[in-house]
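Trainee: The structure follows.
The values are calculated or read from the model by the stated rules, or taken from the named source; none is laboratory data. These numbers come from a predicted model, not from an experiment. In this analysis, Cβ positions are derived from the backbone assuming ideal geometry, glycine residues included, and neighbour counts consider all displayed protein chains.
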Amino acid sequence: MTNSGSLSKKLMAMGLSTALLTIGIQQATAAPVTNSNHSIPKKAAPKKISLPQSSRTIGKLELPPLGDKNTFLPPFQTPPVNPLQEVRLVLRLRERRVYVYRKNELQTSFPVAVGKDGWETPTGNFKVMQMIREPSWEHPWTGEVVPPGPDNPLGSRWIGFWTDGKNVIGFHGTPNPESIGRPASHGCVRMYDKDAQALFEKVEVGTPVIVEP
């Protein structure tokens with residue numbers, strides 16, 4: 001009996017110790033340490049950054065407002081029209097004269113010599129196809145080549161506008177100014193050399209050439 005009573009007291013003491021231990025653990029879980037040296041730090045809230053209105057300026061470059069594209073982009077510009085593209089030549093054989101028109105306005109005219117009988121200058125609508133400064137000239141029968149210079153039959157400028165695949169006809173200067181105003185050439189259009197130089201500056205390859213009787 002004595003042994004049994006002692007055992008019961010021991011078991012009761014052990015149960016009480018277990019109960020106290022359990023309660024202590026629960027209290028430790030429910031009540032975290034509040035010591036300021038061991039407290040859990042709170043996460044800082046993110047700071048809002050607001051840019052002042054002056055932030056629209058970077059250095060000395062002021063940014064344009066939205067939608068204002070023309071502040072930095074130049075306004076659309078139509079490419080200028082090449083004045084030479086509006087030029088046309090009208091050669092009137094009976095008048096022995098070539099007229100320079102821009103659109104429908106007469107700009108100037110020059111006296112010329114045209115093809116003689118049997119070597120008439122062809123009529124029709126043509127275009128400038130060749131332009132040469134200080135051309136050389138090859139004699140059509142002998143093959144002799146005359147270099148640029150005062151004795152060159154083509155003068156200082158050549159503006160070709162017709163060909164049959166072998167022969168070529170065009171405006172050119174001449175060392176024989178007395179022939180101007182007459183049918184004197186083999187089909188080409190002779191001009192005073194200074195006039196040939198002036199005409200050369202008024203046309204380009206592709207300029208229309210209208211030859212009328």
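Trainee: Residues to consider are Val98, Val114, Val87; find the one that is touching a helix residue (DSSP H, G or I) at 6+ places or on another chain (Cβ under 9 Å), surrounded by 15 or more Cβ atoms within 10 Å (Cβ to Cβ) and modelled with pLDDT of 95 or more.
Mentor: Testing whether each residue is touching a helix residue (DSSP H, G or I) at 6+ places or on another chain (Cβ under 9 Å), surrounded by 15 or more Cβ atoms within 10 Å (Cβ to Cβ) and modelled with pLDDT of 95 or more leaves just Val98.
Trainee: For residues in the stretch 135-150 being closer than 17 Å to Cys188 by Cα and in a loop (DSSP other than H, G, I, E, B), which is nearest to the chain's Cα centre (by Cα)?
Mentor: That would be Pro135.
Trainee: Can you name the residue in the stretch 147-200 that is among the basic types (Lys, Arg) and surrounded by 19 or more Cβ atoms within 10 Å (Cβ to Cβ) and is also nearest to Phe110 (Cα to Cα) among such residues?
Mentor: Residue satisfying both the conditions and the ranking: Arg190.
Trainee: Still on this structure, I have one more. In the stretch 103-129, how many residues are outside any strand (DSSP E or B) and within 33 Å of the chain's Cα centre (by Cα)?
Mentor: Residues of the stretch 103-129 outside any strand (DSSP E or B): 103-104, 112, 116-123, 128-129.
With the extra rule that they be within 33 Å of the chain's Cα centre (by Cα), the set shrinks to 103-104, 128-129.
Residues in the stretch 103-129 being outside any strand (DSSP E or B) and within 33 Å of the chain's Cα centre (by Cα): 4 in total.
Trainee: Test each condition in (1) touching a Cys at 6+ places or on another chain (Cβ under 6 Å); (2) in contact (Cβ under 8 Å) with a residue 60 or more places away in the chain for Ile169 and report the one that comes out false.
Mentor: (2)
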